[in-house]
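Input: a single structure, listed below in structure tokens.
Please treat every number below as a calculation from the coordinates, not as lab data. Worth saying up front: this structure is predicted, and the values here are computed from it rather than measured. Quick reminder, even Gly has a Cβ in these numbers, built from the backbone with ideal geometry, and neighbours come from all protein chains shown.
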Amino acid sequence: MSLFKRTISVVVVVAAVLVALVGSMRIGWWDTDYETVKARWAAPPSTFVNIDGVNVHVRIEGRGPVVLMLHGSILNMHEWSPIADRLKGRFRVVRLDWPPYGFTEPDPRGILTTARAADIVAGLVEHLDLEPFTILATSNGVNVALDYYARYPGRVRAMAMSVLPLERPSQTRKVDWRIRALGWFHNRFLPDYRSKYWWRLVLEDTTPPGFAPPDEMIDMIYDANNLPGAAQRQREYIASNVELFRTMDVGALAENVTVPVLLQWCEQDTVIYQSLEATIERFSQAPLTVISYPQFGHFPMWEDPDLFTADLEKFLDSLE
């Protein structure tokens, strides 16, 4: 066989393998299995609580003053695991996967909005009959926290926040070319699947140079976000969030906060659009404590959990 024919044969075989691979992904063969990942990420001490028809993944650890943790978009409660592990010796740490994220089961009503997520939080607070508590929130979890506070201010003792999207996150930030290329490929051919390599790139792109996302951090995102239907539910939620930023002044909710607030500001975060000064102005009625970290990016709870927790504990202790 000539070199040309051998080359053509190899190209045909490679193309056939790629077509088969992409096809198997498109029909869901690479989706994560719910029961398998549930056994890894939602085993005891996790439990499931039915809140307004939604089977919500909840984890409660420790004893003491209550800290309710709200994760960000694309993440789940395990985003807070490094901090929960450090706080649960002195605090009662309550975490949940707010829909449509994590291992909380799909909402049968199909409502995928920030307000609905805040309603689920409210239902859980009532179900657990929580004493006045501190909300610890990051990224889009801050929007859920502010929506909750606007309607149930008497329940909240204080708020601690990092990475605050009071305006729509930047749509023009420089993104790694590999993410752009893979994003085009996924959107065109595999809209419901993202590889671990993709998630590693995303985490590296939103954290400081030199930070290596641990496998656990990547696995928790990969396993949750590749569940059947998860990607579509997240797209619908994000679309509703974009519309929310377009039609209302989301940051104005911060102007209603009157409880003590800790801002753990991350100077190397490139996702959030507004400045620290603009953020401080929004919390015009709140007793404010600001700690600015020149070394932190979008995930300070993983980048340096010891420092992040130490400063958070000082704030929590000041509330006593």
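Tell me, which strands (runs of 3 or more DSSP E) wholly within segment 41-146 include 2 or more residues that are among the basic types (Lys, Arg) and buried (at least 17 other Cβ atoms within 10 Å of the Cβ)?
The strands (runs of 3 or more DSSP E) meeting that bar are 92-96.
For segment 180-205, enumerate the residues that are over 19 Å from Tyr101 (Cα atoms) and surrounded by 15 or more Cβ atoms within 10 Å (Cβ to Cβ).
The initial filter retains those residues of segment 180-205 that are over 19 Å from Tyr101 (Cα atoms), namely 180-190, 197, 201, 204-205.
Passing the criteria: Leu182, Gly183, His186, Leu190, Leu201, Glu204, Asp205.
What is the residue count in segment 272-289 for residues that are surrounded by 17 or more Cβ atoms within 10 Å (Cβ to Cβ) and farther than 25 Å from Leu319 by Cβ?
Let us first name the residues in segment 272-289 that are surrounded by 17 or more Cβ atoms within 10 Å (Cβ to Cβ), namely 272, 274, 279, 282-283, 286.
Those left that are additionally farther than 25 Å from Leu319 by Cβ: 272, 274.
Residues flagged as surrounded by 17 or more Cβ atoms within 10 Å (Cβ to Cβ) and farther than 25 Å from Leu319 by Cβ within segment 272-289 amount to 2.
In segment 217-234, which residue that is closer than 11 Å to Ile74 by Cβ and in contact (Cβ under 8 Å) with a residue 60 or more places away in the chain is nearest to the chain's Cα centre (by Cα)?
In this case the residue turns out to be Ile221.
When segment 243-262 is examined, which residues are found to be over 29 Å from Glu313 (Cβ atoms) and outside any helix (DSSP H, G or I)?
Within segment 243-262, Met248, Asp249 qualify.
Under the condition of being in contact (Cβ under 8 Å) with a residue 24 or more places away in the chain and outside any helix (DSSP H, G or I), which residue from segment 292-306 is farthest from Leu203 (Cα to Cα)? Let's see the steps before the verdict.
From segment 292-306, those in contact (Cβ under 8 Å) with a residue 24 or more places away in the chain are 292-303, 305-306; that's our starting set.
Cutting the leftovers down to outside any helix (DSSP H, G or I) gives us 292-299.
Numbers: Ser292: 21, Tyr293: 18, Pro294: 18, Gln295: 15, Phe296: 13, Gly297: 10, His298: 9, Phe299: 8 Å.
Among residues in segment 292-306 that are in contact (Cβ under 8 Å) with a residue 24 or more places away in the chain and outside any helix (DSSP H, G or I), the one farthest from Leu203 (Cα to Cα) is Ser292.
If a residue must be in contact (Cβ under 8 Å) with a residue 24 or more places away in the chain, among the hydroxyl-bearing types (Ser, Thr, Tyr) and part of a loop (DSSP other than H, G, I, E, B), how many such residues does segment 273-291 contain?
Residues meeting the conditions: 2.
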